[in-house]
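The values are calculated or read from the model by the stated rules, or taken from the named source; none is laboratory data. The shown structure was predicted, so the numbers you read here are calculated from the model rather than taken from an experiment. Virtual Cβ from ideal backbone geometry, glycine too; neighbours counted across all protein chains shown.
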Amino acid sequence: MVPPTSNRQEALGQSELFLDFQDRLSRVAPVDRPVLLVGERGTGKELAAQRLHFLSRRWEGPLVTLNCATLSPTLIESELFGHERGAFTGAEGRRAGRFEAASGGTLFLDEIGTIPMQAQEKILRVVEYHFFERVGSSEQIEVDVRIICATNADLPALAAEGKFKQDLLDRLSFEVLFLPPLRSRGEDIMLLARHFGSRMLYELDIDEDLSFSREAIRSLENHLWSGNVRELKNVIERAVYRAGSGRIEMIDFDPFVSPFDDLPLREEPISSPEERHAVNFSTGFKELVGAYEQELLRKALEEGRYNQKKSAELLGLTYDQFRGLLRKYRDELDL
């Protein structure tokens, strides 16, 4: 097993959408202008910001990150611009902000759409004139910072509603890079799955090669991935951990499924299929199919001793598919 070569994460992919995005990123990286990264959660906006920084002429300077959504409106200005002693309650000394810390390098502002209007005005001044004042001071401080911003919000719509400064949006949008969602990068899914799975095997000290069953691959490739690469990473790492080996047979997308779902649903013996169902061909096609599906569910539950994961395997279904059928026929099956 080959150990990881670096602690710094790398963006991986071979799909056309991914390679096109990386090409556009590489072209704008050396240009000392703001870049706006737009994408769904989990698409890798912070990784893209890191790549922009390390491919720029500022790569030897600092890369300072601030997630604007984690701060209250009253603290965001202090975090960005610093403050003087006594500027507000609890300000016991002078403190430099993120702009000063990033001088000579790059400042990455994640979730830029959450910044209040007053702070937006001050950011615009820094972008235009490279000067700002700490909170509680009138002294102007000069900085040399490249700004990279990221959001999953519709900033033009927010600007139209008066919730984001149009002038600031114009200045931050020298280049706008849209990160493709994982569901649009079909050929990258298994590439990333094998990457995350192999790293997890190494972390768990399991000296085996990673492999996936056909059912596991089908499940991964058909999933919608609303949480994108971050969700995929969590799903694969959990699958390797639970399997305790390099062979992944099933994929569990929902970690919140109760373990009590696998307990027997009832203790009394079930009647025979003949007693439960006599097929009447005067019944409609959908009703006949439904009756057959119910019969298969009953047989699988009985043979699997009411362990739902085992019963799903007997039918060649994923756990999620089996649970969906149980919910569909819950009343008919008297569960």
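Do we have any residue at all in region 49-60 that's more than 14 Å from residue 106 (Cα to Cα) and either in contact with a helix residue (DSSP H, G or I) (Cβ under 7 Å, 6 or more places away or on another chain) or buried (at least 18 other Cβ atoms within 10 Å of the Cβ) (or both)? It would help to see each step written out before you state the result.
Here is the first cut: in region 49-60, the ones more than 14 Å from residue 106 (Cα to Cα) are none.
No, there is no match, as no residue in region 49-60 is more than 14 Å from residue 106 (Cα to Cα) and either in contact with a helix residue (DSSP H, G or I) (Cβ under 7 Å, 6 or more places away or on another chain) or buried (at least 18 other Cβ atoms within 10 Å of the Cβ) (or both).
Using the structure shown, decide if residue 242 is assigned by TED's automatic domain parsing to the domain that holds residue 190, at pLDDT 60 or above and within 27 Å of residue 214 (Cα to Cα).
Values: assigned by TED's automatic domain parsing to the domain that holds residue 190: yes; at pLDDT 60 or above: yes; within 27 Å of residue 214 (Cα to Cα): yes.
Judged against the criteria, residue 242 is a match.
Check region 162-170 and report whether any residue there is under 18 Å from residue 38 (Cα atoms) and touching a strand residue (DSSP E or B) at 6+ places or on another chain (Cβ under 6 Å).
The answer is no; no qualifying residue exists.
From the set of residues in region 176-232 that are under 15 Å from residue 253 (Cα atoms) and aliphatic (A, V, I, L, M), which is surrounded by the fewest Cβ atoms within 10 Å (Cβ to Cβ)?
224
So residue 199 fits all but one of (1) basic (Lys, Arg); (2) closer than 29 Å to residue 24 by Cβ; (3) modelled with pLDDT under 95; what number is the exception?
All conditions pass for residue 199, except number (3).
Looking only at helices (runs of 4 or more DSSP H) that lie completely in region 1-111, which have at least 2 residues being at pLDDT 95 or above?
Fully inside region 1-111 and qualifying: 16-28, 45-54.
Checking the structure you have, find out if any residue of region 291-301 is in contact with an Asp or Glu (Cβ under 8 Å, 6 or more places away or on another chain) and at pLDDT 75 or above.
The answer is yes, given that some residue of region 291-301 is in contact with an Asp or Glu (Cβ under 8 Å, 6 or more places away or on another chain) and at pLDDT 75 or above.
Restricting attention to region 302-325, does a residue exist that is touching a Pro at 6+ places or on another chain (Cβ under 7 Å), modelled with pLDDT of 75 or more and surrounded by 10 or more Cβ atoms within 10 Å (Cβ to Cβ)?
No, because not a single residue in region 302-325 is touching a Pro at 6+ places or on another chain (Cβ under 7 Å), modelled with pLDDT of 75 or more and surrounded by 10 or more Cβ atoms within 10 Å (Cβ to Cβ).
Go through region 142-208 and tell me which helices (runs of 4 or more DSSP H), entirely inside it, have 2 or more residues that are in the same structural domain as residue 132 (by TED's automatic domain parsing).
Per the criteria, 155-160, 166-172.
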